[in-house]
Amino acid sequence: DRSLKIAPSILSADFAAMGAECEAIEAQGADWVHVDVMDGHFVPNLTFGPAMCAALRPHIHTVMDVHLMIAPVDPFIEAFAKAGADIISVHPEAGPHTHRTLQTIRGLGKKAGLALNPGTPLDVIEYLLDLTDLVCIMTVNPGFGGQKFIHSQIEKVRRLKRMIGDRPIHIEIDGGVTPETAPLVVDAGANVLVAGSAVFGGGSVGQPEVYGRNIRAI
Ligand code: DX5
Ligand code: ZN
């Protein structure tokens, strides 16, 4: 299903009310819930791990899209699968054996995703496409919400679209997605939009007017 999907990132949600935040954004029409896992090593920030995913699972009735910004990633794949992740995305920059990591994710019955940092060329995924269900193009340097969209990535999205051809692979955009930047990446071929600060604003429960204005307007 290649229809446009909105995947709010709970990195910008109220950490003291995460379950309620997930329920709120789903009630307001979120298609997926994007869970940003950070280890303070692969990225200069630290968020939460498998236990948070397990705690949120009962509050997420749609796709739990887990973005692992951790290195090494292999020791944690099984834990996130068991915690209830539906999609597990890993960074090829996080280690030398991404091909095997994707095999492991698929072997656990989960969808496998690749997330590429802004400086990472598309070549790295050339021999990984048969094992991939989603490619996430980072349009900010990972680690934080509320950053400025990196426009150089739009051409990369266009090229990725051509590279994928008719394979059933989602093109997800992550970082700095707003009503202004969203149309640019949708036009380039993206079909899943992650948005944190555009949805949650200052980190309180996703206000309908904020959520409705910023995202549903796309
Ligand atoms: C950044 C995360 C993104 C981030 C998006 O490392 O991967 O998902 O939460 O936040 P905004 O939409 O505020 O740029
Ligand atoms: Zn993310």
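Residue by residue, what Karplus-based ³J(HN,Hα) values in Hz, rounded to whole numbers, does region 47-53 have, using 6.51, -1.76 and 1.60 with θ = phi - 60° and x for Gly and Pro?
Values, residue by residue: 10, 8, x, x, 5, 5, 4 Hz.
Rounded to the nearest percent, how much of the accessible area of the chain (1.4 Å probe, protein heavy atoms only) is carbon and sulfur?
Answer for the chain is 57 percent, counting heavy atoms of protein chains only.
Over the Cα atoms of region 1-134, what is the Rg over Rh ratio if Rh follows Kirkwood?
Across region 1-134, the Cα-based Rg/Rh ratio is 0.95.
How large is ³J(HN,Hα), in whole Hz, for each residue of region 135-144 in order, when computed from phi with the Karplus curve 6.51 cos²θ - 1.76 cosθ + 1.60 and θ = phi - 60°, using x for Gly and Pro?
Once θ is set to phi - 60°, the couplings for region 135-144 become 10, 9, 9, 6, 10, 9, 6, x, x, 8 Hz.
Can you divide the C-alpha Rg of region 90-179 by 2.2 N^0.38 Å and report the result to two decimal places?
For region 90-179, the normalised Cα radius of gyration is 1.07.
Give, rounded to the nearest 20 debye, the magnitude of the charge dipole that region 78-173 has about its Cα centre when Lys and Arg contribute +1 at Cβ and Asp and Glu contribute -1 at Cβ.
140
I'd like the Karplus ³J(HN,Hα) series for region 70-82: coefficients 6.51, -1.76, 1.60, θ = phi - 60°, whole numbers in Hz, and an x wherever there's a Gly or Pro.
9, 8, x, 9, 4, x, 10, 4, 4, 5, 6, 5, 5
Rank V177, H61, L116 by how far each Cα sits towards the positive end of the charge dipole of region 42-187 (+1 on Lys, Arg Cβ; -1 on Asp, Glu Cβ) and give me just the farthest.
Positive-end residue among those listed: H61.
Where nothing but the Cβ of Lys and Arg (+1) and of Asp and Glu (-1) is charged, how large is the charge dipole of the chain around its Cα centre, in debye to the nearest 20?
320
Multiply the residue gap between Q103 and D123 by 0.36 nm, knock off their C-alpha separation, and tell me the result in nm, one decimal place.
Full extension of this stretch gives 5.3 nm more.
Running a GNM on the chain with Cα contacts under 10 Å, which residue among E26, E172, E126 ends up with the highest mean-square fluctuation?
E126
What net charge do the residues around H67 carry, taking every other residue with its C-beta under 10 Å from that of H67, with Lys and Arg at +1 and Asp and Glu at -1?
For residues surrounding H67, the net value is -4.
The values are calculated or read from the model by the stated rules, or taken from the named source; none is laboratory data. This one's a predicted model, so the numbers in the text were calculated from it and none came from an experiment. We place every Cβ from the backbone using ideal geometry, glycine too, and count neighbours over all the protein chains shown. Note: areas computed on protein heavy atoms with side chains; ligands, DNA, RNA excluded. Shrake-Rupley method; radii C 1.70, N 1.55, O 1.52, S 1.80 Å.
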